[in-house]
Structure formats: C-alpha cells, structure tokens
1. To the nearest Å, what is the center-to-center distance of the range 377-399 and the range 56-133, using C-alpha atoms only?
2. Run the numbers for LYS66 and ASP392: contour at 0.36 nm per residue of separation, minus the present Cα-Cα distance, in nm.
3. Can you work out the accessible area per residue across the range 53-147, with the rest of the protein chains kept in place, probe 1.4 Å, in square angstrom?
4. Enumerate the aspartates and glutamates that LYS350 could reach by cross-link, defined here as Cα to Cα under 17 Å, with residues fewer than 8 away along the same chain left out.
5. Could you tell me the center-to-center distance, by alpha carbons, between the range 242-290 and the range 298-314 in angstrom?
6. Could you sort 136-148, 157-169 so that the peptide with the highest average Cβ count within 10 Å comes first and the rest follow in order?
7. What does the convex hull of the alpha-carbon atoms of the range 307-452 project to on average, in nm²?
8. With labels modelled as points extended 7 Å from the Cα through the Cβ direction, what inter-label distance (nm, one decimal) is found for ASP251 paired with SER279?
Amino acid sequence: MATHDHHLNGDTITNSTTNLAKKPKLSPSSTFITASEIQSEFSHHDPSIARINNGSFGCCPASIVKAQQLLQLQFLRQPDHFYFNHLRPGILESRTFIKQLINAHHVDEVSIVDNATTAAAIVLQRTAWAFAEGRFDKGDVAIMLHYAYGAVKKSIEAYVTRAGGCVIEVQLPFPVNSNDEIVHEFRKALEKGKEHGRRRVRLAVIDHITSMPSVVIPVKELVGICREEGVDQVFVDAAHGIGCTDVDMQDIGADFYTSNLHKWFFCPPSVAFLYCRKSPSCLDLHHPVVSHEYGNGLAVESAWIGTRDYSAQLVVPKVLEFANRFEGGIDGIKKRNHDNVVEMGQMLAKAWGTNLGCPPEMCATMIMVGLPASLGISSELDTMKLRTHLRDNFGVEVPIYYRVPKDEEVGVITGYARISYQVYNKVEEYTKFRDAVNQLVCDGFTCALLSK
C-alpha cells in the first residue's frame, strides 16, 4: 500500500530538484521588454474596449497563460506523478518567492490561498472561535474601515457579529486631503471601541488600499496606533497590494496581511497570499475547507484542499521573470503606473472641470476622478446604470462610485470614476473615456434617462 506524504508544503523538503537554497532573483533583466512585445503579451484583450479597470480583475500576459496551461496539461497527463513529484516543491518555491517579495522573516509565515476574501475568512474564523470558546467576551470589538471591501464586511458580519462581537466602522471622509484625516477618524473609532475600559478591541481590519473609493491608507501608522492602544491583533486587507504599492511585512508590522497576486502582479486568477506573523496564535489558523492536511499548519492545509487546479499558485516564479523584463522590475512598473494614472486623472479632471478624490501621494495605480455633476448621479443604482451605458455604447470599462452628498451640499460632485493604469494601457483609452463623458454632457444626458 502506498504511503502518502501529508506534509505537502513543509519547509524541510530535501528534493534536490527544487533548488530552494537559492534566493529568488528579484533584480530586473538587462534586456527590457519592448512596446510591441507588451502589445503581444496582452493581445487577447478585447481591442474594442477601453480597459481602464485593471483594479477589478487584473490581467495576465500571454506567456504566463501559456506557462499555466503547460502545468494544467502536466497534471492531466499523469495526475499521480504531478501530485507526488511536482506539486509539493512547486508550491513551496512559490511561497519562497513571495516571502522574498514581501520581506517576511520565514517562509512558514506565508500561505497561498485563492484570494483575499479567503484569507479574510481564515483570520475572521479564528476570531469567531475565540468568541465561541469564551476567550473573547460578548461585546468585545472588531474595528474596520467604513470603506472596507464589501465581501470583507460580509465576512465580518458572518464570523464576528454572529459570534457576539461588536463591529465599529471608522468613518473616513471622501474626498480626502491628507493622512491626518484618516488617523484622526481611526483614533476616534478606537476610543469608541474601548468604552472607558469596559470592552477590548480584539481585532482591527485595515485596508492598505481601499477599493471604492480608492485611497492608499497609512497602514504602518495605523498599526503603530493599534499597538499603542492595546489592540490584540491587526489584519491588513491589501487585495490591491502586491504590484500596486510597497509591501514590506517587517516594516508594516501587522499580524496578518493578505494580497491578491492576480490583480497587479500578473498572475492568472485566482491566487493570493496570507502572511501570518509567527506567534502562538498562528497555530490556531485553519483553512475553512478542511481536508487531509488539517492540523499540519495553515500553509500546508492551504496547499491541499482536495483535487483542484493549482496551476495559478505554481506560476509565481514565471510571473516574476515577466515583471523583471521591465526596467526596474516590479518596482519600476509600480512607479510608472502611479505616475501615469495621476497624469491621466489630472487630464480628465481638467477636461470635466472636476477634481481628484485624493492628492496624488495618496493613490497608487488607481485614482478617483470626479464626474460632471450634470450627469445626475443620485444613487448606487445610477452608478451601475451609467457604467453599463458607458460599456455598451462607448466601449469604456470603468467602475463608478456614488458619494452621498451631505445635508448642506447642493450641486456637488456625487459620482467618481476609479481609473486604473497597468502596463498595457494607452493614453487613447483615457481620451476615449473623456470624450464619451463630454458627449453625454453635450447631449444633456442624465442618469434619470436610463431605464431601471
């Protein structure tokens, strides 16, 4: 009878073919990718659409798609051989690359999961168990940003609120003018959470980059405040982190940190990492899908949750090779994308006579641009109808945010477009968006004209 090795991802693998003693090459290539090669890598994109929404689903170059397909075929050709000889060292290699990218202390701190939503469920599940087992008192607090991602809010409702926890939202302003505004509101929420010592703040969930509206949050400063104020643990949800902004675990200092790799790091969907700073509490983290590896550590559990396609997790080293074809590697890509999205945002705001949602230094590779007030955006439903109208009639794909006006505000900007910039984008896509909105304004269009 065959003996199964249930430690698929332990860091003690001795297979000589994995070559794990060498650190990943993080420096860029000496021969940089050309504009025509970039165009070829993303030629599978629909050319009729101005795709200025990389933030929602990311992108994957053709060379990475090909590498993924080869892995899928290898598995289908001989699944047992792939399982016993390639899957284990392959995922460990990917984890090792990620460990280097994010400056974690040890590869054991890095687990690979499907997406940031899965990572949130892992962390919040532990919080729910702490309430159920009496380690947390009913009414103890979890804090999150008002602009937290919708799926994470639902997870907090499912795991924390249902278990008896009290959830307090940090009310952030928008548009926002400085980090000081965010820090001020965060401190207010912490004070409310502690209620003169009668409750404990057990968990703070902090976005690194909020999704809608998109703003870079001063996570390092907020983590430091949590330490000063005695917050038990801090979970940073950075769905847009890797490839979008600087990510350094030792510098940020959070207990948990997650980022998708398919949004801004060119991986195929879907793959993310969950960093868990080494501590006794990490031993109580488990993947919500329980399989044979339960109890062998989160990284091992996450690496085998049953028969499925693991190819997206295995191509991480190939993705880094792709990023290193650009001048400056992933850091150079981030800087150029930031500079370009700011330039495009300022161009649009000037053309429409509006404003940006935050200063350039508070955005990464996405930025919020005010839409003309004459479009009459008066609800979230209006934003979805307008988004569909732009897609179907003008070939523009861009998400839109509804900003509820304050009581005393009249004739203010209530709609903001979130534009992204990735290496495949061209100026013509943003001028296409500009001209589409100008045409709507010229035609006297309002959202009220769209059918429900």
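1. The range 377-399 and the range 56-133 have Cα centres separated by 34 Å.
2. Numbers: separation 326, 0.36 × 326 = 117.36 nm, distance 3.06 nm.
Length difference between fully extended and current span is 114.3 nm.
3. Numbers: 3810 Å² over 95 residues.
Normalised by residue count, the accessible surface of the range 53-147 is 40 Å².
4. Those aspartates and glutamates meeting the cut-off are ASP339, GLU428, GLU429, ASP435.
5. The range 242-290 and the range 298-314 have Cα centres separated by 15 Å.
6. 136-148, 157-169
7. Details: hull surface 48.3 nm².
Averaging across all directions leaves 12.1 nm² for the Cα convex hull.
8. 2.2
The values are calculated or read from the model by the stated rules, or taken from the named source; none is laboratory data. Worth saying up front: this structure is predicted, and the values here are computed from it rather than measured. With ideal geometry, Cβ positions are generated from the backbone for all residues, glycine too; neighbour counts draw on all protein chains shown. What goes into the accessible areas is simple: the full protein's heavy atoms, side chains included, and nothing from ligands, DNA or RNA. Shrake-Rupley method; radii C 1.70, N 1.55, O 1.52, S 1.80 Å.
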